[in-house]
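K.L.:
Got a structure for you, questions after.
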Amino acid sequence: MSVFKRTYFIPERSNNKQHQNSLQFKTLTMKKLLLFFLACLVYNTNYAQDKSNSDTNELQPITTTGISLPQLITTQLNRSELQFGINLSEGLEQPNLSIQFKKFISDQSKQISLNAGANLRHRISFDRSDNFDFYSIESISMDVGADLKLFNSNDYFIQFGTQNSIGKPGGLSNFDYIYTNNALTIGFGKGRIDFVNDAVAAVTITDKLKELGVLSRELTEQEYQILVDRINDLKNRRAFVNRSYPLTEVEEIHDLLSTFNVLKEGINTLAIIDDAYKYEPMIDRTTGSQFNVQATGTYHRSNFLTDYTRKGVYTQISYAIHKPINSKWQYNRTASTYFSISESNLTDPTFSESTLKRGGIRLNNDFHYLVDTRLRISFTSGIGYNVIDESYIYDPFGNSIYDNKGMFLNLGSELEYQISRTMSINFGLNLNITPDYNFTGLHMGLKF
């Protein structure tokens, strides 16, 4: 049962004007709140920008010569990933299986992201007295999407994106019940978020060599950049960066370090480089800041019991800062405000339509600590203020209005361990707090 309060009333025909005035008042109140949210975001953005500029020198150098990770950015990327997953958050009896394909292409003038995937929600009955079959598929869904950012020389950009999904309950039978979601996004902004995954790989290799006393001297900035560019080129050649691993890559890195005359003679360093290099980062290591304004049109349709459609517009203004503090710590912060309005229609004799308005402001902070190449610990937090206003029209019974607003706090932590190069297990805890309810959730999963 919902914990939110709903107020129901049946207006007479003569009170339609009073009802309209009430809705107009609520709309005006929401607009004032959103202006306040926007002012808070602008303040936070300016503060974050000043803080980012002042913190540039606080990034810990990765070498004794003072080089930091943002100096070793790789923008020429062409990477593909293929990931399988099992989500056990709903218990062993309801595993969710997934397969995801991702591709990222980047250079100085553009960033392209492509994704496609499928999900299966299963039901396994261990109790023979259960009315369910021992094994059944409860739902199936597929999704595909794309995002394009085009940059000019001053890092101003325009953005186009789309995300689409289709699914159904009941597995592979009875295709009369299907839902679809479609979204189209346009946007603009300034700034870039770039990757330093290859720089972290280079630092991990040299740190391991130094730890074992194999590195005779520190690499220069130019040598580090050459090493990063070589790693970037090697990984761009892979079919799937998280699955392919030609051993010839280790030999090429070894030969390159040998040309720098930094390896001590008489020591076999191939195994050391292989151990430091073979694991992919468990999170993307990124750097930069970005201001973004987006508008998204959405459309949903389903026909489970009766035809239902929902169409709307979602707008968001955000500012993000990503900082690779050093080879082990990553810090990301995002401040955003949003407003959305959507209308739904249901072919039901007692229900004609509803209008939903949402607005809010949010500040997220993410801290990631990579203990080594096989263990990650993450902490996340989100705090903000939400406003929800929804009105229903019931024929011939009257109307219903539901509204809720208040602060919220989200806290989370996650631990991930690499069992092998292509397999990892993760555990997490989430705590959501609002004035009306508290919710704690556990999740665990396996990626391979």
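The values are calculated or read from the model by the stated rules, or taken from the named source; none is laboratory data. Predicted, not measured: the structure shown is a model, and the values here were computed from it. Methodologically, a virtual Cβ is constructed for each residue, glycine included, from the backbone with ideal geometry; neighbour enumeration extends over all protein chains shown.
K.L.:
Regarding VAL371, is this residue more than 30 Å from TYR279 (Cα to Cα), of a type in the set (Val, Ile, Thr) and modelled with pLDDT of 80 or more?
P.N.:
Answer is no for this residue.
K.L.:
What about GLU265, is it within 21 Å of ILE325 (Cα to Cα) and surrounded by fewer than 16 Cβ atoms within 10 Å (Cβ to Cβ)?
P.N.:
It is false that GLU265 is within 21 Å of ILE325 (Cα to Cα) and surrounded by fewer than 16 Cβ atoms within 10 Å (Cβ to Cβ).
K.L.:
Here's another thing I want to ask about it. How many of the residues making up the stretch 85-107 are surrounded by fewer than 15 Cβ atoms within 10 Å (Cβ to Cβ) and at pLDDT 90 or above?
P.N.:
2
K.L.:
Still on this structure, I have one more. Take the stretch 422-448 and flag every residue that is in a loop (DSSP other than H, G, I, E, B) and surrounded by 15 or more Cβ atoms within 10 Å (Cβ to Cβ).
P.N.:
Residues satisfying the conditions are THR422, THR434.
K.L.:
Let me ask something additional. Which one of the conditions (1) in contact with a helix residue (DSSP H, G or I) (Cβ under 7 Å, 6 or more places away or on another chain); (2) without any contact (Cβ under 8 Å) to a residue 24 or more places away in the chain; (3) not hydrophobic (A, V, I, L, M, F, W, C) does GLN222 fail to meet, given that it meets all the rest?
P.N.:
(1)
K.L.:
Now a separate question. Is it the case, given these coordinates, that LEU172 is touching a strand residue (DSSP E or B) at 6+ places or on another chain (Cβ under 8 Å) and at pLDDT below 85?
P.N.:
Against the criterion (touching a strand residue (DSSP E or B) at 6+ places or on another chain (Cβ under 8 Å) and at pLDDT below 85), LEU172 qualifies.
K.L.:
Just to be sure before I move on: is TYR245 under 31 Å from the mean Cα position of the chain (by Cα) and within 26 Å of ILE425 (Cβ to Cβ) in the structure I sent?
P.N.:
Numbers: under 31 Å from the mean Cα position of the chain (by Cα): yes; within 26 Å of ILE425 (Cβ to Cβ): yes.
Considered against the rule, which asks whether it is under 31 Å from the mean Cα position of the chain (by Cα) and within 26 Å of ILE425 (Cβ to Cβ), TYR245 comes out as yes.
K.L.:
Right, PHE132: surrounded by fewer than 17 Cβ atoms within 10 Å (Cβ to Cβ) and modelled with pLDDT under 85 or not?
P.N.:
Yes.
K.L.:
Any chance the stretch 306-317 includes a residue that's in contact with a Lys or Arg (Cβ under 6 Å, 6 or more places away or on another chain), at pLDDT below 85 and not basic (Lys, Arg)? Quick ask: steps written out before the conclusion?
P.N.:
Start the filter on the stretch 306-317 by keeping residues that are in contact with a Lys or Arg (Cβ under 6 Å, 6 or more places away or on another chain), which leaves 309.
After this cut, where a residue has to be at pLDDT below 85 as well, the list is 309.
Among the residues that remain, those that are also not basic (Lys, Arg) are: 309.
Checking the stretch 306-317: at least one residue is in contact with a Lys or Arg (Cβ under 6 Å, 6 or more places away or on another chain), at pLDDT below 85 and not basic (Lys, Arg).
K.L.:
Looking at SER336, SER342, SER327, which one is part of a loop (DSSP other than H, G, I, E, B) and modelled with pLDDT of 80 or more?
P.N.:
After ruling out the rest, the residue left standing is SER327.
K.L.:
Determine if the stretch 242-265 includes at least one residue that is among the β-branched types (Val, Ile, Thr) and touching a residue at least 60 places away in the same chain (Cβ under 8 Å).
P.N.:
No, that holds for no residue.
K.L.:
Given the structure, is LYS357 part of a strand (DSSP E or B), at pLDDT 85 or above and charged (D, E, K, R)?
P.N.:
Values: part of a strand (DSSP E or B): yes; at pLDDT 85 or above: no; charged (D, E, K, R): yes.
Taking the combined requirement at face value, the residue does not satisfy it.
K.L.:
If a residue must be surrounded by fewer than 17 Cβ atoms within 10 Å (Cβ to Cβ), of a type in the set (Val, Ile, Thr) and either in contact with a Phe, Trp or Tyr (Cβ under 6 Å, 6 or more places away or on another chain) or at positive phi (or both), how many such residues does the stretch 294-333 contain?
P.N.:
Number of matching residues: 1.
K.L.:
Could you figure out which of (1) closer than 25 Å to LYS210 by Cα; (2) surrounded by fewer than 18 Cβ atoms within 10 Å (Cβ to Cβ); (3) touching a strand residue (DSSP E or B) at 6+ places or on another chain (Cβ under 7 Å) isn't true of ASP274?
P.N.:
Failed condition: (3).
K.L.:
Counting just the residues of the stretch 181-229 that are exposed (fewer than 15 other Cβ atoms within 10 Å of the Cβ) and of a type in the set (Gly, Ala, Ser), which one comes out farthest from LEU72 (Cα to Cα)?
P.N.:
Checked the stretch 181-229; the qualifying residue farthest from LEU72 (Cα to Cα) is GLY213.
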